[in-house]
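Only one structure is covered here, and it is reproduced in the block below.
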Amino acid sequence: MEIVSDEILEDKLKRYLDRRQLPDAFLYIGERGATNWLALEASTRFPVASALTALLQEHVDSLARQATHYRSVVSIGAGDGQKELILLRELRRYGRPICHIIDISRPMVESARRTLGKLDIETRGMTAFCEDLDQLAPHWDRPTLLCLLGNNFSNYDPDFLLNLIGRNLGPADAFLLDASLRPEKEQDIPAWVQEVEAIYNSPENARFNVSPLVTRGMDPESCRFELKLIRVPQPWGEVWRTHKRIRVLRPALVRCGAATVAFAAGDAIEMGFTYKYRLAQLQDCLQQRGFGLRDTRLDSTGGNVILLAARNTTETTG
């Protein structure tokens, strides 16, 4: 199922770039976007993804025992499908759920389906934005386990995302998400900020973030990736969030399909963000929007968490 084609993506990208914006979804599109992300995800210089995968592996048996009755597993932003393979291999012990793979990148969808081909289950690919969930949800078999793994939840505005998910999940469905957290103690924040900014400003991550421009004609020497952590207010308390942009250093042209976008020296292209919550803030965020927590699992560092939640429930275990 394809809601967005390559032509639609290139047209949307041009319109965003005209406004000097580059949403993170466009980092993953096309063969090069998929290849660049998988290389970054595997890099030892970018440990966020691997830490969350290890957390899922550690607790998958317990999580699967609470998800034996779901007829479908829906994963948004599945990447190459390795996390879904861990989960579905365990769920396969209890039944044969259908797996729906949703990603903006058709090559990512195909990669994830190839990974899951190791299991005797049906997979269905959906090339779409997360924002297209209203169109996708009628195609799921219910009850559904909806997954946002690999820190995907933290890459969206929580109000927007939880409203979107809430109206597309029924009371028998559930929501599995993970997140990389900020430290609990204020005295640990300065060192943590320095560490996170170093990871996100690494040459590997910088190349990944500018790649949509470079692969469309911009000289990599014509731009500079910049990222810093900032504090932002939320109803459940102040949280940290990345603020990233691409600074254009000299005039450049970028091709989007048949169209061209011109940039001048000094232009700043605003990009997406990643929130960094305390665990209590993340739990409050979910509960205030009508999600009850069924399970919460931290890793040994306390810096990564995986949560199982459902709409309109109040039961909490851990």
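Considering Asp80, Asp132, the condition of being assigned by TED's automatic domain parsing to the domain that holds Arg297, part of a loop (DSSP other than H, G, I, E, B), under 19 Å from Asn152 (Cα atoms) and of a type in the set (Asp, Glu) is satisfied by Asp80 alone. Scanning the range 103-147 for residues that are crowded, with 19+ Cβ neighbours inside 10 Å, aliphatic (A, V, I, L, M) and more than 21 Å from Leu164 (Cα to Cα) gives Met108, Val109, Ala112, Leu116. If you go through the range 167-196 and pick out every residue that is in contact with a strand residue (DSSP E or B) (Cβ under 7 Å, 6 or more places away or on another chain), of a type outside the set (A, V, I, L, M, F, W, C) and at pLDDT 95 or above, you end up with 4. None of Ser300, Ser222 is within 17 Å of Leu17 (Cβ to Cβ) and hydroxyl-bearing (Ser, Thr, Tyr) except Ser222.
Of all residues in the range 148-172, those that are surrounded by 21 or more Cβ atoms within 10 Å (Cβ to Cβ), in contact with a Ser or Thr (Cβ under 8 Å, 6 or more places away or on another chain), over 21 Å from Asp61 (Cβ atoms) and not polar (S, T, N, Q) total 1. Within the range 5-23, the set of residues being among the aliphatic types (A, V, I, L, M) and crowded, with 17+ Cβ neighbours inside 10 Å comprises Leu9, Leu13, Leu17, Leu22. Only one entry of Gly95, Gly79 meets the criterion of being small (Gly, Ala, Ser) and surrounded by 14 or more Cβ atoms within 10 Å (Cβ to Cβ), and that entry is Gly79. The residue list Asp188, Asp178, Asp159 contains one member that is part of a strand (DSSP E or B), closer than 22 Å to His243 by Cα and not aliphatic (A, V, I, L, M), which is Asp178.
Tell me, yes or no, whether the range 67-79 has at least one residue that is among the aromatic types (Phe, Trp, Tyr) and touching a strand residue (DSSP E or B) at 6+ places or on another chain (Cβ under 8 Å).
Yes, because at least one residue in the range 67-79 is among the aromatic types (Phe, Trp, Tyr) and touching a strand residue (DSSP E or B) at 6+ places or on another chain (Cβ under 8 Å).
Just one of the numbered conditions (1) farther than 19 Å from Ser154 by Cβ; (2) in the same structural domain as Ile104 (by TED's automatic domain parsing); (3) polar (S, T, N, Q); (4) surrounded by 14 or more Cβ atoms within 10 Å (Cβ to Cβ) is not true of Thr53: (1).
Applying the condition of being out of contact with any helix residue (DSSP H, G or I) (no Cβ under 8 Å at 6 or more places or on another chain) and not in a helix (DSSP H, G or I) to the range 1-41 and asking which residue is modelled with the lowest pLDDT yields Ser5.
Pull up the range 211-231, narrow it to residues that are without any contact (Cβ under 8 Å) to a residue 24 or more places away in the chain and aliphatic (A, V, I, L, M), then point me to the one that is farthest from Phe26 (Cα to Cα). Within the range 211-231, the match that is farthest from Phe26 (Cα to Cα) is Ile230.
The values are calculated or read from the model by the stated rules, or taken from the named source; none is laboratory data. Remember, predicted model here, so these are calculated numbers, not experimental data. Note that we place each Cβ from the backbone using ideal geometry, even for glycine, and neighbour counts take in every protein chain shown.
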